[in-house]
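Asks: Would you mind keeping the following structure in view while I ask a few things?
What follows draws every value from the coordinates through simple rules; no lab data is involved. Please read all numbers here as calculations on a predicted model, not as lab measurements. Every residue, glycine among them, receives a Cβ derived from its backbone with ideal geometry; neighbour counts consider all protein chains shown.
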Amino acid sequence: MLETGKLHRRIWFISLSVAIAGVFVSAQYARVMVFDRGGAPAHSTTPYTVERGAILDRNGRILAIQTQLYTVSAWIPNVTEPQETASDLARILDDNEGRILDLLEGSRDFVYIQRRITPTRSEEIRASQHEGRLRGIQLEPDSGRTYPNGRLGSHVIGHVGTDNNGLDGVEYTYDSVLSPSEGRVRGETLYGNQLVLTIDLNIQQTTDRLARETLERENADSVMLLAMDAKNGEILSWSSVPDYDPNRFSDFNIEERRNRPIRMMYEPGSVFKVFSVATMLNTGAVSDGDMFETDGIYRPESWRNASPITDIANYGTMDLRRVMERSSNVGVAYASEGISEQELYRGLKRFGFGEATGVGLSGEQNGILYPPERWSYRSKPTVAMGQEIGVTALQIAAAATTFSNDGVLLQPSIVRRIVSPDGRVIEESERTAVREVLTPSVAAQMRDYMRTSTHDGGTGRRVRLNGIEIAAKTGTAEFFDPEIRAYSDEKFIGSTLAMFPSDDPEVIVYMVVENPQGDFIWGERVAAPVVREAAQFLIPYLGIEREGDRRIAAPEQVQIQSPGAVEIGGELPDFRGLPRRSILQLEAMDEISVEVHGSGWVKTQIPEPGTPIEEVSRVILELE
Amino acid sequence: MSHSFSAERVEVDRGYDRILLTAMMLLLGVGLAVLFSSSFFRSELLFADPFRFLTGQLLWVVVGCVVAALVSTISLERVQRFIPHALGISLVLMILTFVPGIGTSIHGARRWIFLFGRSFQPSELVKVVLVFYLAYLLARKHEIMDDPVNALLPPFLVLALFSTLIYLQNDFSTSVFVMLLGLVMFFVAGAPIRYFLGLLMTVGPLGLILLLSREHRVNRLLAYIEPAFDPAGSGYQILAAERALIAGGLWGQGIGMGTQKFGRLPEVHSDFIFAVVAEELGFVGVLAVIGLFAVFAWRGFVIAANAGDRFRSYLAFGLTTLILGQALLNIAVVGGAVPATGLPLPFFSSGGSAMLMTLIACGLLMNVSRHNPDGAGEYG
């Protein structure tokens, strides 16, 4: 019995050990499953499924959408034929066979082969598996975000990380709207709200193309091109190149991902004169008929040896309109003598400079507008001509709404509407007036100055289009290099602000070219012609009335065939028989002026077709 | 009083241990249900037949139950005579896994032999045969437990041989498990404590070297210490299992409702099947399954303690520990309490050999519970 006692004691000892181990393991389960459930790993995962809401353009076209894609992984112990598996996968996934083989042989348990593959490829893998191939390879559902339009509007839309949380753009700022965390019910899929942007994909496409072409043609560092509804501040397109593809954002560097229109601060140069001179008009410091005697140089006696403010030529005596048309620095400097530093500062502040517009995108810069206490004796005229201040492109475009809204500044908006998953409109953006900045008459006056700036002799003449009056102001600024804290001699920023039609603007277009290194650096050269191209698209697209268009659309005319583009090579082509619509774009030519008489189709052409283009300075076309 | 087995001993048929039988049936039923729930998606994906894994497993269950019923009635004394043969056959099968053409290597692990169109994992057989052998030998050598060379060394060498063969199949965890199981049987059989201490000091360092000699083991260990260290690799299963646990909560998602099995948790139907139990049945279900294993342990150890002779006692103890030890380790791994091992969960994990041997072990336990020689003092 003593012997049995020892056996029993040892059995019970083991039983007790097992029982203690069992209690320990149960406690571990209780901790993870009941008491400590909010642990870190749970956070990034899916006890609840949330389908992130779509992002749409203003016409309902999809900019971002949730997808259920599959990720290919391998469970190594089940991979019986690594060589064959690697070659099959390489073929299906269009991947490197060696890389896959390395993955399969370099791991002992679990390894990812490729994430979020296309549905076609998942199908091919499944088909292969039905044939008994690809053993050990598995497809895991992996919810992702797809941006069907790639780069279009990428800076506004932003992107999401691998765990589907917004990292930039509206994906970031509207994260909780797109993917609500409230009301999650376990086991049920929760659908996020949809976001309808103010962006119009067609316009975006055009401005993107123009911006990209400009970037290449001018060999510039960056190009921004914004189009905004002048009546309500809705942003119609937001082009900024270099840009990136949010589908694979990690392949792009920080410069490409940088949302320049709100994050790049620069000195605007002469475009800014519209805001400073409007402020002077508004305070009564100057008035419409004021004359300014200039001799190309402005240096009050008190400045002594400080470098003067100069014009590129001596424009002589001018009125205020002429000062604006010529963009005379000296003229503006004289004009600024009538306004106090405080008044100028407060006036510019009211335009919104020095503070973020609050458009609803992350990382927006405030810009720099120093208070007069920090100004030097030279600052007042310098600020008036758009230096010693920092702006963002969006600030300039937004400030321009003042001119198109009888002096009232509007807040720019990027989200038009938030729609619940069941189609209910939760929130609708409205025209938001920030404050009254100018009297309606000053706003009209400035528009008129900008209008005549596009006429012969004005700096904005390259924006002009026949049949419509466009208000515009160009600018060229030296780039202030933050590293050396001085102006760069080689780096310039050329820009053009335009709105049309000038008497009651419907659209504001603003273009900035950073560091153009082509033939020109001037805003009127690098940006203005592109703004005109944008206008040529926008005017018919938005249904803005333009003289001459009506004829073409008149019912008694024959059906309009899609007019082919007129291309000009070394010789003057034959325009005869072409519809007016086709030759309108000839007006975009910088070198040759085209006079069009009448309407209908081209009947006669002077000079004759075939004349070498070098000899042609002017083309006269008679239409019938 | 004779110290050898007595032929004229009066055996009393006490009938099957009903509590143990009920616990086993419940474990088997729940196991199959969870297996189906965890595998239908993968099965559908791979074979366009959601029942593929289940029907495969059911076949083994049927075969296993028939064999279990048989072994529960046979005379254990008669079986004793075949122990050397069984041991020899096991050895041959183990060696066969290294023979090209018969043994199947699945990415570095040579654990399977392929005979008659079915793969079989001899190490599963080895577990049961070793328990049988050790129970038999230790009971016989009971008298000379103080003579280590004659009583302990031979069975220890056999144990070490099989453990080494399993290690060479690149199945470290099973190898260690078998070694520990054997040692626990030595302990229960009354081997002096000092030998265990001596063994610990010599074999401990060796085990550590073997453990760290393969990269995937080190990775598993690292993954245990810090799962987020390599979330796409070794830590993945641990993190995925933890997600399943968290998703399960107190009451679970309901059977068939879990989502982690949809490809997120690799090998969910085998070594990590308990994660599905956790996700779908919740902590309540986890406790219930652990409770069933506890009942199993309770009855198993009671049967061992009250068995008619030392051989039966050791056998019952060894078999109970075999099933329980694997269950405990597997559940602990899924719960993140110990590093990942390759041990299946008896009654739950898919795998024909394991299921068959588990059921045979159950049959043997039943046998011991039923046949109990009358009277005390038969220990001998």
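Asks: Note the angle between two axes, namely the Cα long axis of helix A:341-350 and the longest principal axis of the Cα atoms of chain A, as a number of degrees from 0 to 90, rounded to the nearest 10.
Replies: Helix A:341-350 and the main axis of chain A meet at about 50 degrees.
Asks: Quick one: order A:H455, B:H142 by neighbouring beta-carbon count within 10 Å, fewest to most. Walk me through the numbers before you get to the answer.
Replies: On the way: A:H455 12, B:H142 19.
Listing A:H455, B:H142 from fewest to most nearby Cβ atoms yields A:H455, B:H142.
Asks: Give me A:H159, A:H130 ranked fewest to most by other Cβ atoms within 10 Å of their Cβ, as a rough exposure proxy. Show your work: numbers first, answer last.
Replies: On the way: A:H159 23, A:H130 13.
Neighbour counts put them in this order, fewest first: A:H130, A:H159.
Asks: Please report A:I539, B:I89, A:I396 as a ranked list, fewest other C-beta atoms within 10 angstrom at the top and most at the bottom.
Replies: Values: A:I539 21, B:I89 14, A:I396 30.
So the residues, fewest neighbours to most, are B:I89, A:I539, A:I396.
Asks: I've got another one for you. Measuring from label point to label point, each 7 Å out along Cα→Cβ, what is the A:L542 to B:L200 span in nm?
Replies: Those two pseudo-labels are separated by 8.4 nm.
Asks: In addition: If I take R0 = 35 Å and measure r between the Cβ atoms of B:V67 and B:L153 in this structure, what FRET efficiency does the formula 1/(1 + (r/R0)^6) give, to the nearest 0.05?
Replies: The pair B:V67/B:L153 has a calculated efficiency of 0.60.
Asks: So for each of A:347-353, A:359-365, A:245-251 I average, over its residues, the number of other beta carbons within 10 Å; can you give me the resulting order with the highest mean first?
Replies: Packing order, densest peptide first, comes out as A:347-353, A:359-365, A:245-251.
Asks: Note the full-extension length gain between A:E427 and A:S362 as 0.36 nm times their separation in residues minus their Cα-Cα distance, in nm to one decimal.
Replies: So the chain would gain 21.4 nm between A:E427 and A:S362.
Asks: If I model a spin label as a point 7 Å beyond the Cα along the Cα-Cβ vector, how far apart are those points for A:D489 and A:W303 in nm?
Replies: It works out to 2.1 nm between the two label points.
Asks: Roughly what angle does helix A:2-30 make with the longest principal axis of chain A, taking Cα atoms, 0 to 90 degrees, to the nearest 10?
Replies: Between the helix axis and the principal axis of chain A, the angle is about 20 degrees.
Asks: Oh, and also: May I ask you to derive the FRET efficiency for B:T164 and B:N306 from their Cβ-Cβ distance with R0 = 41 Å, giving the value to the nearest 0.05?
Replies: 0.70
Asks: Something else now. Pairs to check: A:K273/A:K491; A:K6/B:K141; A:K349/A:K473; A:K349/A:K491. Give those whose C-alpha atoms are more than 18 Å from each other in this structure.
Replies: Working: A:K273/A:K491 21 Å; A:K6/B:K141 16 Å; A:K349/A:K473 20 Å; A:K349/A:K491 27 Å.
Violating the 18 Å Cα-Cα cut-off are A:K273/A:K491; A:K349/A:K473; A:K349/A:K491.
Asks: At 7 Å along the Cα-to-beta-carbon direction for both A:E97 and A:S250, put a label point, then send me their distance in nm to one decimal.
Replies: It works out to 2.7 nm between the two label points.
Asks: Can you give the FRET efficiency to the nearest 0.05 for A:D504 and A:E373, using r as the Cβ-Cβ distance and R₀ = 30 Å? Each step should come with its number before you reach the end.
Replies: Details: r = 40 Å, r/R0 = 1.33.
Taking R0 as 30 Å, the efficiency between A:D504 and A:E373 is 0.15.
Asks: Follow-up. Over chain A, what is the relative contact order in percent, taking alpha-carbon pairs closer than 8 angstrom and at least six residues apart?
Replies: Relative contact order comes out at 12 percent.
Asks: Averaged across the residues of B:328-336, what count of C-beta atoms belonging to other chains lies within 10 Å of each residue's C-beta?
Replies: Mean partner shielding for this stretch: 4.
Asks: Distance between the C-alpha centers of region A:493-516 and region A:298-377? Whole Å please.
Replies: Here the answer is 19 Å between Cα centres.
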